[in-house]
Amino acid sequence: MLQKPRGTRDFLPDEMEVRRAVEWKMRDVARCWGYREVCTPEFEDLELFTMRSGEGIIEEMYVFEDKGGRKLALRPEITAAVIRMYINEAKVAPKPLRWCYFADCFRYERPQKGRYRQFWQFGVELIGADTALADAEVIMLAADLLNATGVNYELRVGHLSFMKNLLEGIEPSTQRRVMAHLDKKDFEALAATLDGINKPDLAHSLTALLACRTLKEAFEIAGDIPGKERIEQTISLLDATGMKYNLNFGIARGLDYYTGMVFEGFAQNLGTENQILGGGTYRLAHLFGGEDVASCGFAIGFDRVMVSLGDIQPATVPVVGLVCTGEGRTRALVVAKALRDAGIRTEMDLMERGLGAQLAHASKTANFAIVIGQREAESGQVTIKNLATAEQKTVDLAAAIAEVRRLGPR
Ligand code: HAM
């Protein structure tokens, strides 16, 4: 028996309905903030991703050659594609651009719970606004979106300048290594790397920075960092709204295009794969042949949010099983159309079953049975049976529709 590829999932209707319900809550929040949906291709030129992150990223991607010999990759994330699209299609559009997306990404990772090879991100990119308020807006939107899903989370906000200031003068590749150790809280590897460049004392300031929970403490350790005022402004804007977050100066972010503010969300009930959101300010346009443009964005790992939310039952919507005899079939088609036109989910028997078997099937799959036999076909009325209470009556079609609607939203 053929199976689905490793790291992918199938979603049955119940699960899809629950996923869509959460997705639409997020879409609604994004809409209220003025973020409009964009869509980019599932695959891009490989170069789009290697330009940003180097050839090393190839190991983590689905890379292939098409029949024309072009090197392509399934998108491992969407930010790079959105900025490519911005340069291609919208660089003269009035700024700022507020864009969002909900789309699948592909990473060649070792699958486990919460880590898949195909997964969905709900993301936003704010392009062309370079202010404290812009940074604050994106962080506030991140919180609003997570709140809408109902997930329990911690939002951590930091800034790369603190770490970068302490690491000034160190070769960029070593800087990146140090930041990766800090990101993973791998203090042994950190000490070894710092010993290797003859800067063992730095370990103390770097670990102290990780423990800081206020801006004041962080400035004391890292010194006068560039953009100090902007950071203070952003943080005071967040505080003015009363939103909940924790300062954390150990966030380094895995992707290396971030420039300033960085933030991450963690679900409180997940294990190792508990990061449900990541983002920050970044600059990418110049890499892809465009004019440099300040941007800020994030992506929510939709599948991890769903794992964190756990088992949710899909909303109950009234379902009608339309039951008919041979004589009632033509009338039943007309009744079914009227029910569907009224927005009611209506299912007819397709198996040529007898009346009793149709009713038995409806009692497993529907809330109401509407029966059309010869008598109903002639009178124009319908017999409606509430399958939960077994109550049955013969009424006009309009009354039956009203009865079904009383059970709940469509
Ligand atoms: P990222 O941190 O690589 O950032 O991914 C964002 C989120 O996607 C993660 O926090 C995680 O929840 C989810 N995620 C990542 N890999 C997997 C996986 N294999 N399975 C399930 N979920 C996963 C980005 O992708 C950036 N483009 C975010 C961004 C937007 N930065 C600026 N704008």
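Using only Cα atoms and rounding to the nearest 10 degrees, what angle (0 to 90) does helix 132-149 make with the longest principal axis of the chain? That helix lies at roughly 40 degrees to the long axis.
The stretch between ASP45 and ARG375, if pulled fully straight at 0.36 nm per residue, gains 112.2 nm over its current Cα-Cα span.
A Cα-only calculation for the chain places Rg and Dmax at 27.9, 95 Å.
When the surface is traced with a 1.4 Å probe over the full set of protein chains, GLU154 keeps roughly 50 Å² accessible.
Report, in debye and to the nearest 20, how large the dipole of the stretch 14-140 comes out about its Cα centre when Lys and Arg carry +1 and Asp and Glu carry -1 on their Cβ. About 160 debye. Legend: calculated FRET efficiency, TRP33 to LYS185, from the Cβ-Cβ distance at R0 = 41 Å, rounded to 0.05, equals 0.80. Quick one: grab the alpha carbon gyration tensor of the stretch 1-142, order the square roots of its eigenvalues as a ≥ b ≥ c, and give me rounded if a/c is under 1.5, else prolate or oblate depending on whether a/b is larger than b/c. Verdict is oblate for the stretch 1-142. Under a Gaussian network description of the chain, with springs only between Cα atoms under 10 Å, the residue in ALA103, ALA136, ALA93 that fluctuates furthest is ALA93. Most simply put, the chain has about 80% antiparallel DSSP beta bridges, counting only bridges with both residues inside it. Simple point charges give the picture: +1 on the Cβ of Lys and Arg, -1 on the Cβ of Asp and Glu, and for the chain a dipole about the Cα centre of about 1120 debye. Summarising the label geometry, the points placed 7 Å from Cα in the beta-carbon direction at ARG20 and GLU347 lie 1.5 nm from one another. Computed about its Cα centre, the charge dipole of the stretch 313-410 is approximately 260 debye, with only Lys, Arg, Asp and Glu carrying charge at their Cβ. The residue list PHE102, ALA203, MET85 was ranked by how far each Cα lies along the charge dipole of the chain toward its positive end, using unit charges on Cβ atoms, and PHE102 comes out on top. Within straight-line reach of LYS393, meaning a Cα separation under 26 Å, sit the following lysines at least 8 residues removed in sequence or on another chain: LYS337, LYS364, LYS385. For the pair the stretch 25-101 / the stretch 187-218, the C-alpha centres are spaced 35 Å from each other. Note on TRP99: accessible area is roughly 30 Å² with a 1.4 Å probe, heavy atoms of protein only.
Taking a ≥ b ≥ c as the square roots of the Cα gyration tensor eigenvalues, with a/c under 1.5 meaning rounded and otherwise prolate when a/b beats b/c, else oblate, which class fits the stretch 271-354? Verdict is prolate for the stretch 271-354. A straight Cα-to-Cα reach below 17 Å connects LYS4 with the lysines LYS113, residues fewer than 8 places away in its own chain not being considered. In terms of distances greater than 21 angstrom between alpha carbons, the cross-link table entries LYS164/LYS216; LYS95/LYS244; LYS164/LYS185 yield LYS95/LYS244. Adding -39500 (n - 2.57) for every DSSP H run of four residues or longer, then dividing by how many residues the chain holds, sets the calculated 222 nm ellipticity at -12000 deg cm²/dmol. Inter-part distance, the stretch 273-290 to the stretch 139-171, computed on C-alpha centroids, equals 12 Å.
Accessible area per residue (1.4 Å probe, heavy atoms of protein chains only) ranks ASP311, ASP303 as ASP311, ASP303, with the largest value leading.
Taking label points 7 Å from Cα along the Cα-to-Cβ direction, ASN386 and SER363 give a separation of 1.7 nm. Ligands, DNA and RNA left out, the 1.4 Å accessible surface of the chain is 50% carbon and sulfur atoms.
Over the chain, accessible surface divided per residue gives 51 Å², non-protein components excluded, 1.4 Å probe.
With both labels modelled 7 Å from their Cα along Cα-to-Cβ, the LEU355 to ALA90 distance reads 6.0 nm.
The values are calculated or read from the model by the stated rules, or taken from the named source; none is laboratory data. Because the structure is a prediction, the values reported are computed rather than measured. Every residue, glycine among them, receives a Cβ derived from its backbone with ideal geometry; neighbour counts consider all protein chains shown. Calculation scope for accessible area: heavy atoms of the full protein, side chains included, ligands and nucleic acids excluded. Shrake-Rupley method; radii C 1.70, N 1.55, O 1.52, S 1.80 Å.
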